[in-house]
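Student: Have a look at this one.
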Amino acid sequence: MISRPSVHSRDGEVAVDERSRKREDDWFLQNEKKLLEEARKAREKREAERRARETEEERGKLKKLHWMKCPKCGHDLKTEALEGVEVDRCTFCEGFFVDAGELDVLFLKKGVGQRQSFMRRLLGI
Ligand SMILES: [Zn+2]
C-alpha cells in the first residue's frame, strides 16, 4: 500500500507533499498498462469460469430477460458513443454502463486531460 504523506499548514488545511505525489503519479503512469492487462486477464478468467457453470439455454434466457435493461431500475438502456467508447445510459435514472474492456480502451488511449474531458461529457457537466 502506498501512503501519501501530508503536511498540515498553519491555517489547518492539508497540503500534500508534492514530491511524494509526483513519485506516486509516475509509478501509476509506468505501471498502468501492466495493471490494466492483469485486470483484463483476471476478468476473462472469471468469465470463462462462469460460462463453464452455465448452460447455453440458461444464458439465452437471462439475456432475453435483461438485454439492454438498466440493472438498477429495469428501464431501457440507450447506447451513446462518447469519444470512441460506447456507453449504455438508462432512459429513466440516467445511470450508465460500459461493457468489459471499454474503460481499458479509454484509459490506454487517452491522457489525463482527455480522461477528465471524457468524464465531464459522460456526467453532463
Ligand atoms: Zn435506470
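The values are calculated or read from the model by the stated rules, or taken from the named source; none is laboratory data. Here the structure is a predicted model, which is why all the values come from computation and not from measurement. Neighbour counts are summed over all protein chains in view; Cβ atoms, including those assigned to glycine, are modelled from backbone coordinates with ideal geometry. For the accessible areas, the whole protein counts, side chains as well, though only heavy atoms, and no ligand, DNA or RNA atoms are used. Shrake-Rupley method; radii C 1.70, N 1.55, O 1.52, S 1.80 Å.
Student: Kindly rank 50-60, 30-40 from highest to lowest mean number of other beta carbons found within 10 Å of each residue.
Tutor: Order by mean packing, descending: 30-40, 50-60.
Student: Follow-up. Quick check: with the 1.4 Å probe, what order do Asp99, Asp104 take by accessible area, largest first?
Tutor: Ranking Asp99, Asp104 by accessible area, largest first, yields Asp99, Asp104.
Student: Would you kindly derive the ³J(HN,Hα) couplings of segment 114-125 from the backbone phi angles with the Karplus curve 6.51 cos²θ - 1.76 cosθ + 1.60 (θ = phi - 60°), listing them in order in whole Hz, with x for Gly and Pro?
Tutor: 3J(HN,Hα) across segment 114-125, in whole Hz: 5, 5, 5, 4, 4, 5, 4, 5, 4, 8, x, 10.
Student: Could you name the aspartates and glutamates in cross-link range of Lys34, using Cα to Cα under 12 Å and dropping any fewer than eight places away on the same chain?
Tutor: Asp104
Student: Please compute the length gained on full extension between Asp17 and Leu103, using 0.36 nm multiplied by the number of residues separating them and subtracting their Cα-Cα distance.
Tutor: So the chain would gain 28.0 nm between Asp17 and Leu103.
Student: Pairs of alpha-carbon atoms within less than 8 angstrom and 6+ residues apart define the contacts here; what relative contact order does segment 29-125 have, in percent?
Tutor: 17 percent
Student: Give me the one-decimal nm value for the distance between modelled label points at Asp25 and Thr91, 7 Å along each residue's Cα-to-Cβ direction.
Tutor: Taking the two extended label points, one gets 4.3 nm.
Student: A further question follows. Sum up the charges of everything whose Cβ sits under 12 Å from the Cβ of Thr79, counting Lys and Arg as +1 and Asp and Glu as -1, but leave Thr79 out.
Tutor: Around Thr79, the charge tally is -4.
Student: Shifting gears a bit: Which entries in the list Lys41/Lys72; Lys45/Lys78; Lys45/Lys72; Lys33/Lys64; Lys41/Lys61; Lys41/Lys64 go over 31 Å, if you measure between the two C-alpha atoms of each?
Tutor: Exceeds cut-off: Lys33/Lys64.
Student: So if R0 is 25 Å, what FRET efficiency would Glu54 and Leu123 give, r being the distance between their Cβ atoms, rounded to the nearest 0.05?
Tutor: Between Glu54 and Leu123 the formula returns 0.15.
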